[in-house]
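The values are calculated or read from the model by the stated rules, or taken from the named source; none is laboratory data. Please read all numbers here as calculations on a predicted model, not as lab measurements. Neighbour counts are summed over all protein chains in view; Cβ atoms, including those assigned to glycine, are modelled from backbone coordinates with ideal geometry.
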Amino acid sequence: MKVEVKSKKGLRTILSVIVDKKNIKTKIDERLKELQKEVALKGFRPGKVPPAVIKNQFGKSIYGEVVDKILRETSMKAIDEKKLKIAGQPKIDLKQFGEGKDLNYELQIDCLPNVTLKSFNKFKATSFKLRIEDRIIEKKLKEIANQNKKFEDKNSKDKATNGDQVIFDYSATIDGNKFDGSEGKGVQLELGKDLFLKGFDNQLIGVQKDDLKTLDATLPENHPKKELANKKTKFECKILNVKKPIPIKIDDEFAKLMGAKDIKDLKSLIEKQISSQYYQSLNSITKKEILDQIEKNHQVDLPQNLIDQEILIMTQNLKPEEKEKHKSNNEKLAKSRIKLGLLLNEYGEKNNLKVSDEDVRSEIQKQIKGMPGQEKMILEYYQKNPSASQSLKGSLYEEKIIDLIKSKINLSVKEISISEAEKIISEFNKPNIDPEKSKTTSTIKGKIKTKKISKK
């Protein structure tokens, strides 16, 4: 194989590659011997078909198969020989081919730019620490207690009031006619929450055990059966039981029922849970502040094919008119994402940052803990979707890079209340703020390492 640099302009390099015809013939002969063991032709015993006969019958397809394989192998060797760091998919332009001829082709390659990182030492950013007042934790404790409260039977003569639980059977009709789903057995309603139908709870106030009660209600607008939506309905209810709530004492025993060691531990867990609800958004604000400085302080030549690919990914679900309307902004955003991706990736490689399989498994376990009872679903999702695991790996890689950068810059910590946090997040999420800005390395990392070859 002979490889020469035909031209080099900016980030685009064109290589001329010549593969000797003798090499191609050797590969074809090897393939014929392989096929000799596989091909079954009438008049010949299995494995005894002469290579000349196989070539006569399948010559064109064999040549195409061999050449295709040679193109893949030699193009990678040519790139490695010239020590090129490719961006995206190289293109092959066949100049000469055919049996008995040298294979001559040109390989068009868009290369990654040489990225020179400046020091981050003078960068400044603000990290947020959430201050959670005791009253908020106490309020959350009461909500948890209320969600887990139990009920006991009321005296049969006591009437139902707000907060009580009413258990009943019903038979419903529309204009005197029954319909699919018009009967219910053992329905439980906690009066005052209005979770069944609007205005239904109020009509049950005052009922007693064994009462027969007729109620009027309107089926919801979003009823699964469109023909029943907004229909006025009459419910004939048989009251099976009326129960009152049992006061819950919020103490160590209650905490243990909730899976905590004691009430102090439960409060700590609640505090962590509330903090985690705001962490992602607040962290995104800090990250954007850092990324803006990195982007502003670096100049990087960008391969056009990466820009085009990024725009394609960003706009794949948009209508043509939407793509055209936001063409300029999309290109600007694509350039920003690629530039940041290249810079962060360079920083990660320079500092030998890696994401291990154990890191990925640990993150998946965190997701499982945050979604109790859905362990099987989450595990199956990642097992069946390798791209999801790769995306997760990319996100973890980016977070490692950002965390390292945070340790190198002047990072101040600002303590804020929940109301302040909500105001800051609201401002950040206004339309003029780009939510895609943080999605960088994970997108680019996969692209810059690809070595797929496409023919013109």
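Scan the stretch 130-167 for residues that are in a helix (DSSP H, G or I) and of a type outside the set (S, T, N, Q) and jot them down.
134, 135, 136, 137, 138, 139, 140, 141, 142, 143, 144, 145
Specify the residue that is farthest from residue 228 (Cα to Cα); the eligible residues are those in the stretch 159-216 that are of a type in the set (Asp, Glu), free of Cβ contacts under 8 Å to residues at least 60 places away in the same chain and surrounded by 13 or more Cβ atoms within 10 Å (Cβ to Cβ).
In this case the residue turns out to be 211.
Among the residues of the stretch 363-373, is any in a loop (DSSP other than H, G, I, E, B), among the hydrophobic types (A, V, I, L, M, F, W, C) and over 28 Å from residue 118 (Cα atoms)? Quick ask: steps written out before the conclusion?
Within the stretch 363-373, the subset in a loop (DSSP other than H, G, I, E, B) is 371-373.
From what is left, the residues that are among the hydrophobic types (A, V, I, L, M, F, W, C) are 371.
Okay, now just the ones that are also over 28 Å from residue 118 (Cα atoms), so 371.
There is at least one residue in the stretch 363-373 that is in a loop (DSSP other than H, G, I, E, B), among the hydrophobic types (A, V, I, L, M, F, W, C) and over 28 Å from residue 118 (Cα atoms).
When residues of the stretch 299-324 are filtered for being outside any helix (DSSP H, G or I) and either among the basic types (Lys, Arg) or surrounded by 12 or more Cβ atoms within 10 Å (Cβ to Cβ) (or both), how many remain?
Final tally of qualifying residues: 6.
Please determine, by comparing only the residues of the stretch 81-129 that are in a loop (DSSP other than H, G, I, E, B) and among the aromatic types (Phe, Trp, Tyr), which one is farthest from residue 273 (Cα to Cα).
97
Any chance you could count how many residues in the stretch 13-62 are over 21 Å from residue 98 (Cα atoms) and modelled with pLDDT of 90 or more?
The total comes to 2.
So the check is Cβ under 7 Å with 6+ separation or different chains; which pairs have a first residue in the stretch 254-283 that's among the acidic types (Asp, Glu) and a second one that's surrounded by 14 or more Cβ atoms within 10 Å (Cβ to Cβ) and part of a loop (DSSP other than H, G, I, E, B)?
Within 7 Å, the pairs are 271/132.
Residue 333 is checked against (1) of a type outside the set (Lys, Arg); (2) surrounded by fewer than 20 Cβ atoms within 10 Å (Cβ to Cβ); (3) closer than 21 Å to residue 113 by Cβ; (4) over 22 Å from the mean Cα position of the chain (by Cα) and fails just one. What number does that condition carry?
(4)
Go through the stretch 385-425 residue by residue and tally those that are among the β-branched types (Val, Ile, Thr), surrounded by 13 or more Cβ atoms within 10 Å (Cβ to Cβ) and more than 23 Å from the chain's Cα centre (by Cα).
Selection size over the stretch 385-425: 5.
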